[in-house]
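A.B. asks: What follows is a structure written as C-alpha cells; I'll ask about it next.
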Amino acid sequence: MGFADLGVSKDIEKGLKELGIVTPTEIQEAAIPVLIREKIDFIGQAQTGTGKTAAFGLPLLAKIDANKEQVQALILAPTRELGQQIAKQLFRFTKYSNKVFTEAVYGGEKIDIQIARLNRPTHIVVATPGRLIDLLNKKAVDISKIETLILDEADEMLSMGFKDELTKILKETKGKRNVWLFSATIPKELNDIINTYVSPDAIRVNVGKSEVVNAGINHQYVTGDDSNKLDTLAQFLKSQGKNRGIIFTRTKAVAKVLAKQLAAKNYEAGLLEGDMLQRDRDKVMRAFKNKTLKVLVATDVAARGIDVDNLAYVIHYQLPDQNDYYTHRSGRTARAGKTGISLVLVNSKEQRRIWELEKELGIKFLKIK
C-alpha cells in the first residue's frame, strides 16, 4: 500500500518519494485516511521513530487552505529540536504542492525575531508550550481561528512540567477545533487532559506493543560491578568502531563525570544535560548530526526531541527511573527499518529490573556476560 491509497495527493506523494518515504508505517496507515476524510478528534499512541510527523502532517497539509492568510493549525511539541524538525518536515513534504507557510517558535531565541516572522503570512504554527504562552501574552499570535490543534509527544510535555501551559492553550482554543494527540504513553495526568479537552467520540489508535518497542532492536545486558562499568563501556565503544550512538545516564552529575572519563580514554563524547546553554547544546547537536562526533552522553530530559537517524546503538549506563523511558531511549536506534543494539549495564542488585522490563514491554534481553 502506498500513500496515494491513504488519500494523500499526487503532489505530496511526489515530495515523499524524493525523501525516500514510500511505504506507510502502522501509525500512518491508521491515522492518515481518517484524519484526511473526517473532522474528528484523534488519539494516537505510538513510539518515537514510527513516523508520527507524517501521520499528522500529511492530513494537516490536506486541510490547510493556502489562500487563507491566517493561522489555521497549531502543533505543540516539547522541545525546540522537535519543533524545528516538524517544521522542516512539513516544508519538505510540500515541495511540489501549494506552498503552506509554517513558522516554528520556541524558547532560546529572541522573541522579537519570532514576532517579526509571525507577521508574515502563516498557516501553521509549531510551538513549544512556554514560548506560545509568551507570544499569546504579547498578543503576537492569534490562535482563535485554528481548526486543528496537534499535541505531539504529549506525555513528554507533561513530564517536562507544561501541564498549566497546555491547559491554558486548550482552553483558549476551545470550540470548533479538532484535537489530534500523539503520545508514546498515556499516563494518568494525560488521561485527565484527554477527558476534559478531547471529544469522547475521538478515534483511538494504539499501535500494538510489538510496534511500540521496535522489533529491529536487539536488547542486551551486561552484569558486573559498578567499578568495572566504565571499562565495559569502553570495550563496547571500541567494538563499534565508527558507528554512532547515545549513552544515557539518569542524572546530570553522572553524565558530566562520564563525558570526562571517556575523554581521558580518548573517546570524544558530546555532553547533553539540562543545565547547558542553548548555544552549547546546538553546537553539540550540529557536531553529532554531521558525524564529527560519534558518541553522545545524555540525560533523559536533555535528550528529548533529539531526532537523529542511523544510530547503531543506545547504551543505558544507568537505567531510567521509569520503565516507559527505556522505550523512549531504545527507540532512538533501529529506525526506518534498520536494526540496532540497546545495551544495559547493570549490577547484580539491578538484575531484576531486566526481568521487569521483559515482562512489562514484552521483549527479550540477551545476557552478554
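Each reported figure results from applying straightforward, stated rules to the coordinates on display, with no laboratory input. These numbers were taken from a predicted model, which means no experiment stands behind them. Using ideal geometry, Cβ is built from the backbone for each residue, glycine included, and neighbour counts are taken over all protein chains shown.
A.B. asks: Once phi is turned into θ = phi - 60°, what whole-Hz ³J(HN,Hα) does the Karplus curve with 6.51, -1.76 and 1.60 give for every residue of segment 134-143, x standing for Gly and Pro?
C.D. replies: 4, 5, 5, 4, 8, 6, 8, 9, 10, 10
A.B. asks: Quick one: dipole size for segment 103-158, taken about the Cα centre, charges +1 on Lys/Arg Cβ and -1 on Asp/Glu Cβ, in debye to the nearest 20.
C.D. replies: 420 debye
A.B. asks: In percent, what relative contact order does segment 57-188 have, based on Cα pairs under 8 Å that are 6 or more apart in sequence? Mind dumping the intermediate values first?
C.D. replies: Values: 207 pairs, mean separation 40.1, N = 132.
Contact order relative to length: 30 percent.
A.B. asks: Once you keep just the Cα pairs under 8 angstrom separated by 6 or more residues, what percentage relative contact order results for the chain?
C.D. replies: 19 percent
A.B. asks: Counting other C-beta atoms within 10 Å, which of Ile21, Ile75 has the fewest, and how do the rest follow?
C.D. replies: Ile21, Ile75
A.B. asks: Here's another thing I want to ask about it. Taking only Cα atoms, what is the 0 to 90° angle, nearest 10, from helix 229-240's long axis to the longest principal axis of the chain?
C.D. replies: 70 degrees
A.B. asks: Still on this structure: Using amide H atoms built 1.01 Å from N in the peptide plane, name the residues 5+ places from Gly44, or on other chains, whose amide H lies under 5 Å from its own.
C.D. replies: Here Leu181, Phe182, Ser183, Val205 satisfy the definition.
A.B. asks: Counting residues in the chain as N, plug N into 2.2 N^0.38 Å and put the Cα Rg over that result.
C.D. replies: 1.00
A.B. asks: Let me ask something additional. So what are the radius of gyration and Dmax for the Cα set of segment 4-210, in Å?
C.D. replies: 15.9, 45
A.B. asks: Something else: Sort Arg117, Arg250 so that the residue with the fewest other Cβ atoms within 10 Å of its own Cβ comes first and the one with the most comes last.
C.D. replies: By the 10 Å Cβ count, ascending: Arg117, Arg250.
A.B. asks: Between Tyr326, Val295, Gly274, whose Cα lies farthest towards the positive end of the dipole of segment 268-329 when Lys and Arg beta carbons carry +1 and Asp and Glu beta carbons carry -1, centred on the Cα centre?
C.D. replies: Val295
A.B. asks: Taking the Cα-to-Cβ direction at Arg204 and at Gln235 and moving 7 Å from each Cα, how far apart do the two end points lie in nm?
C.D. replies: According to this spin-label approximation, the distance is 4.6 nm.
A.B. asks: If one takes the longest principal axis of the Cα atoms in the chain, at what angle in degrees, from 0 to 90 and to the nearest 10, does the Cα axis of helix 163-172 lie?
C.D. replies: The helix 163-172 is inclined about 10 degrees to the chain.
A.B. asks: If you don't mind, another one. List the GluC sites (Glu not before Pro) within segment 297-369 that DSSP assigns to loop and that have no more than 15 neighbouring Cβ atoms inside 10 Å. Mind dumping the intermediate values first?
C.D. replies: Working: sites: Glu350, Glu356, Glu358, Glu360; in loops: none.
Here no loop site has a sparse enough neighbourhood.
A.B. asks: Starting from the Cα-Cα distance between Arg120 and Lys369, subtract it from 0.36 nm times their residue separation and give me the gain in nm to one decimal.
C.D. replies: Working: separation 249, 0.36 × 249 = 89.64 nm, distance 5.91 nm.
Between Arg120 and Lys369, full extension yields an extra 83.7 nm.
A.B. asks: Let me know the charge dipole size of the chain about its Cα centre in debye, to the nearest 20, where only the beta-carbon of Lys, Arg (+1) and Asp, Glu (-1) is charged.
C.D. replies: About 960 debye.
A.B. asks: Here is a follow-up. Placing unit charges on C-beta atoms (Lys and Arg positive, Asp and Glu negative, everything else neutral), compute the dipole magnitude of segment 2-157 about its Cα centre in debye, rounded to 20.
C.D. replies: 600 debye
A.B. asks: Only sites in a loop by DSSP and with at most 16 other Cβ atoms within 10 Å count here; which trypsin sites (Lys or Arg not before Pro) in segment 142-215 make the cut? Can you show the working numbers first?
C.D. replies: Details: sites: Lys145, Lys163, Lys168, Lys171, Lys174, Lys176, Arg177, Lys188, Arg204, Lys209; in loops: Lys145, Lys174, Lys176, Arg177.
Those satisfying the criteria are Lys145, Lys174, Lys176.
A.B. asks: Out of the trypsin sites (Lys or Arg not before Pro) in segment 1-85, which ones are loop residues according to DSSP with at most 14 other C-beta atoms within 10 Å?
C.D. replies: Lys39, Lys68
A.B. asks: Please work out whether segment 52-160 counts as rounded, prolate or oblate from its C-alpha gyration tensor, where a ≥ b ≥ c are the square roots of the eigenvalues and a/c under 1.5 means rounded, while otherwise a/b larger than b/c means prolate and anything else oblate?
C.D. replies: oblate
A.B. asks: Taking the Cα-to-Cβ direction at Glu268 and at Thr23 and moving 7 Å from each Cα, how far apart do the two end points lie in nm?
C.D. replies: 3.8 nm
A.B. asks: I'd like the orientation of helix 351-361 relative to the chain: the angle between its Cα long axis and the longest Cα principal axis, in ° from 0 to 90, rounded to 10.
C.D. replies: In the chain, helix 351-361 runs at an angle near 30 degrees to the longest axis.
A.B. asks: Taking the dipole about the Cα centre of segment 214-367, with the C-beta of Lys and Arg at +1 and of Asp and Glu at -1, give me whichever of Asn310, Leu361, Gly224 is farthest to the positive side.
C.D. replies: Asn310
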